[in-house]
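Visitor: Before we start, here is the structure in question, set down as structure tokens.
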Amino acid sequence: MSDSSTFMELPRITTLPGTSREVTGENPTAASTAADAIVPAPAARSRATTEPAVVRWLLICLALAFLVLFLLVPVAIVFIEAFKKGWQVYKESITDPDALAAIKLTLLTASIAVPLNLVFGIAAAWAIAKFNFLGKSVLITLIDLPFAVSPVISGLIFVLLFGARGLFGHWLDAHDIKIIFAVPGIVLATTFVTFPFVARELISFMQAQGSEEEEAALVLGASGWQTFWRVTLPNIKWPLLYGVILCNARAMGEFGAVSVVSGHVRGETNTIPLHVEILYNDYNFEAAFAVASLLACLAIITLLAKAIVERKTHRLLLEGQTVGEPGTLAPVPVARH
Amino acid sequence: MTFKQRSVLPGFGLSLGYTLLYLSLLVLIPLSMLFFKAGALGWEHFWSAVTNPRAVASYKLSLGASLIASLINVVFGLLVAWVLVRYPFPGRSLVDAVVDLPFALPTAVGGIALTTVYAENGWIGHYLAKYGIKSAYSPLGIVIALTFIGLPFVVRTVQPVLQELDVQVEEAASTLGANRWQIFRRVIFPHILPAVLTGFTLAFARAIGEYGSVVFISGNMPMKTEITPLLIITKLEQYDYAGATGIAAVMLILSFGLLLMINGLQYWSAKRYSAA
């Protein structure tokens, strides 16, 4: 089992590399149906291995009631409250100059944090998935660290570094550079909390894929960069996109960490979630929910994109496993589970 | 053993070097700052900051509410995973996608939505109010918010394990005369136990640090409904850096402890499931 599979955010339902290979070996039809649906439909079961219909439906209803109560009602309320006073109020709320400034800042922040973590994710996944070295599992754990840290603490550490009384506070003050209560602090905190997303998606995927294809390309005379651009990148594009989607969703929606470093200056250091908070605390509920509905739409788009990409990745992994039997040229560096 | 095994692939130095540099600059050095600052407080100062009654009340509330919420999630997460894996019903794949909603929805949005639903005049809140139950602006509200954000963890860790459980095992148990409840209790549950525990710990770890969804619904009364992350922010806003740093260090140590526990649990389940 890959060590990084389920820490904190979004554990995924891909079958573990080792086990899905066994499935492919035993029963190719089962594997191909599994490729079509991420969650394979429940197999028909005999009476001895399932519950009576009454119990089944009771459990289904109980589960659905819980999900509706806890998940769907809150999302529904966002849109209902947003449009309570009609389309006009809604439009005014989201085109208000402060709201527009918040949207702009959020887009700017995401457009810096996501590419930074994207490059890091590729580098980390290449080092970890393609090579065997001492301390690898420690490195994987360290990459997951930001998920273990409370968002509030993620903001606090940057205040301790760059704040007025922080380690670099005097120096920054002397040079008239503002990081905390300004845009750079927001970008830093956001980059910190979204740090592991791309890396962990790529690490588990690339570990499962192995590196026969890269080895073949190198043997055929491709250079390192050519191998990366023409072989690796096309192979990992879906999981890469998946990581970027998750990273972006969190970057745009982060509240706690950003709240600590932002200073809440309207129109200047407010991101969308902070703007929602201010409107809500001003009892301006319609506007708060109108702006919040933008983030709710982002969440729905994220879930949709996630479902699509997950399906693609899953298929890719299964295909890779039927083709890539280890006819290896060099000792396979990645530990196969 | 040498540091690195031989490989024909290039780019090890570059990729590992960049990884370590970026990791150190963005994560390791800033995080170690916290311990450095906490250490600089001196033991007595640190101790009085982290044990003052308001801080202790916040630990109790944070730990208690997180524990209850994670236990609720174990029960309902297991139920949802079970239903999704075992029973065909219309709209199943949609329901499966919806489970991830708390991950995708920004916490502030979840927070104001839950507060509106559970406020005294809210959709669900006014039913509860009829029975004299105050949900929003009370510890119960905190539990509700933490249940909301923790739900996917248990579902997503238990689901794949339940999926791979061989039906023949249950058939064997059945031919040996076990009834359904016995099969669940003695065959299925022991098998999924490591996954359940992992899901529980993940949900618990997330709940302890959660801020965005809780601040709106909790009411934020010192000593009563003030969670630890909020107390850190309050101290920071009062320029009590020492207090904020001390409490944050305590939380961080707890989080690292949980992280170790999760790694241990995953090691255990990896062994368990590869042996099966």
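The values are calculated or read from the model by the stated rules, or taken from the named source; none is laboratory data. The model shown is predicted, which means the values in this text are computed figures rather than measured ones. Using ideal geometry, Cβ is built from the backbone for each residue, glycine included, and neighbour counts are taken over all protein chains shown.
So that you can scan it fast, the table gives a plain yes or no per residue for (1) in a helix (DSSP H, G or I); (2) touching a residue at least 60 places away in the same chain (Cβ under 8 Å); (3) within 8 Å of chain B (Cβ to nearest Cβ):
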position: A:Ile153; (1), (2), (3): yes, no, yes
position: A:Leu167; (1), (2), (3): no, no, yes
position: A:Trp171; (1), (2), (3): yes, no, no
position: A:Ile186; (1), (2), (3): yes, yes, no
position: A:Leu202; (1), (2), (3): yes, yes, no
position: A:Gln207; (1), (2), (3): yes, yes, no
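Visitor: Sticking with this one: Could you tell me whether A:Glu310 is of a type outside the set (A, V, I, L, M), surrounded by fewer than 24 Cβ atoms within 10 Å (Cβ to Cβ) and within 13 Å of the chain's Cα centre (by Cα)? Break it down stepwise before answering.
Guide: Numbers: of a type outside the set (A, V, I, L, M): yes; surrounded by fewer than 24 Cβ atoms within 10 Å (Cβ to Cβ): yes; within 13 Å of the chain's Cα centre (by Cα): yes.
For A:Glu310, the condition - of a type outside the set (A, V, I, L, M), surrounded by fewer than 24 Cβ atoms within 10 Å (Cβ to Cβ) and within 13 Å of the chain's Cα centre (by Cα) - is met.
Visitor: B:Lys235: among the basic types (Lys, Arg), more than 29 Å from B:Ala81 (Cα to Cα) and within 10 Å of another protein chain (Cβ to nearest Cβ), yes or no? Can you show your working first?
Guide: On the way: among the basic types (Lys, Arg): yes; more than 29 Å from B:Ala81 (Cα to Cα): yes; within 10 Å of another protein chain (Cβ to nearest Cβ): yes.
It is true that B:Lys235 is among the basic types (Lys, Arg), more than 29 Å from B:Ala81 (Cα to Cα) and within 10 Å of another protein chain (Cβ to nearest Cβ).
Visitor: So is B:Lys271 outside any loop (DSSP other than H, G, I, E, B), touching a Gly at 6+ places or on another chain (Cβ under 6 Å) and not aromatic (Phe, Trp, Tyr) or not? Walk me through how you get there before you give the answer.
Guide: Working: outside any loop (DSSP other than H, G, I, E, B): yes; touching a Gly at 6+ places or on another chain (Cβ under 6 Å): no; not aromatic (Phe, Trp, Tyr): yes.
So B:Lys271 does not fit the description; no.
Visitor: In addition: Just need a number here: residues in the stretch B:1-51 that are facing another protein chain (nearest Cβ under 7 Å), farther than 20 Å from A:Arg200 by Cβ and of a type in the set (S, T, N, Q).
Guide: Number of matching residues: 2.
Visitor: Could you grab the pairs with beta carbons closer than 8 Å, sequence gap of 6+ or different chains, first residue in the stretch B:1-14 and farther than 16 Å from A:Phe228 by Cα, second one among the aromatic types (Phe, Trp, Tyr) and modelled with pLDDT of 80 or more?
Guide: As it stands, the answer is B:Phe3/A:Phe133; B:Lys4/A:Phe131; B:Lys4/A:Phe133; B:Lys4/B:Phe12; B:Gln5/A:Phe131; B:Gln5/A:Phe133, since those pairs meet every condition given.
Visitor: Could you please let me know if A:Ala124 is farther than 27 Å from B:Gly110 by Cα and either in the same structural domain as A:Phe195 (by TED's automatic domain parsing) or within 27 Å of the chain's Cα centre (by Cα) (or both)? Step through it out loud before you land on a result.
Guide: Values: farther than 27 Å from B:Gly110 by Cα: yes; either in the same structural domain as A:Phe195 (by TED's automatic domain parsing) or within 27 Å of the chain's Cα centre (by Cα) (or both): yes.
Yes; evaluated as a whole, the condition is true for this residue.
Visitor: Please state which one of B:Ala65, B:Ala97 is under 30 Å from B:Arg185 (Cβ atoms) and either within 8 Å of chain A (Cβ to nearest Cβ) or among the hydrophobic types (A, V, I, L, M, F, W, C) (or both).
Guide: On the way: B:Ala97 fails: under 30 Å from B:Arg185 (Cβ atoms).
Going through B:Ala65, B:Ala97 in turn, the sole match is B:Ala65.
Visitor: If you check B:Ile232 against the conditions, is it closer than 27 Å to B:Leu146 by Cβ, crowded, with 17+ Cβ neighbours inside 10 Å, modelled with pLDDT under 90 and among the β-branched types (Val, Ile, Thr)? Walk me through it before giving the result.
Guide: Numbers: closer than 27 Å to B:Leu146 by Cβ: yes; crowded, with 17+ Cβ neighbours inside 10 Å: yes; modelled with pLDDT under 90: no; among the β-branched types (Val, Ile, Thr): yes.
The answer is no for B:Ile232.
Visitor: Related question: If I filter the stretch B:217-229 for residues that are more than 18 Å from the chain's Cα centre (by Cα), facing chain A (nearest Cβ under 9 Å) and part of a helix (DSSP H, G or I), do I get at least one hit?
Guide: Within the stretch B:217-229, not a single residue is more than 18 Å from the chain's Cα centre (by Cα), facing chain A (nearest Cβ under 9 Å) and part of a helix (DSSP H, G or I).
Visitor: Now, a different point. From B:Ala275, B:Ala248, B:Ala242, which residue is of a type in the set (A, V, I, L, M) and at pLDDT below 85? Walk me through how you get there before you give the answer.
Guide: Numbers: B:Ala248 fails: at pLDDT below 85; B:Ala242 fails: at pLDDT below 85.
Just a single option satisfies the conditions, and that option is B:Ala275.
Visitor: If you don't mind, another one. Helices (runs of 4 or more DSSP H) wholly in the stretch A:214-284 with at least 2 residues that are among the basic types (Lys, Arg) - which ones? Steps first, please.
Guide: Numbers: elements: A:224-227, A:233-253, A:256-262, A:272-281.
By residue number, A:233-253.
Visitor: Shifting gears a bit: Hey, among B:Lys37, B:Lys60, which residue is among the charged types (D, E, K, R), surrounded by 15 or more Cβ atoms within 10 Å (Cβ to Cβ) and at negative phi? Spell out the reasoning first.
Guide: Details: B:Lys60 fails: surrounded by 15 or more Cβ atoms within 10 Å (Cβ to Cβ).
One residue alone meets the criteria, B:Lys37.
Visitor: Looking at the structure I just gave you, is A:Ser111 at pLDDT below 95 and in a helix (DSSP H, G or I)? Steps first, answer last, please.
Guide: Numbers: at pLDDT below 95: no; in a helix (DSSP H, G or I): yes.
When the stated conditions are applied, A:Ser111 does not pass them.
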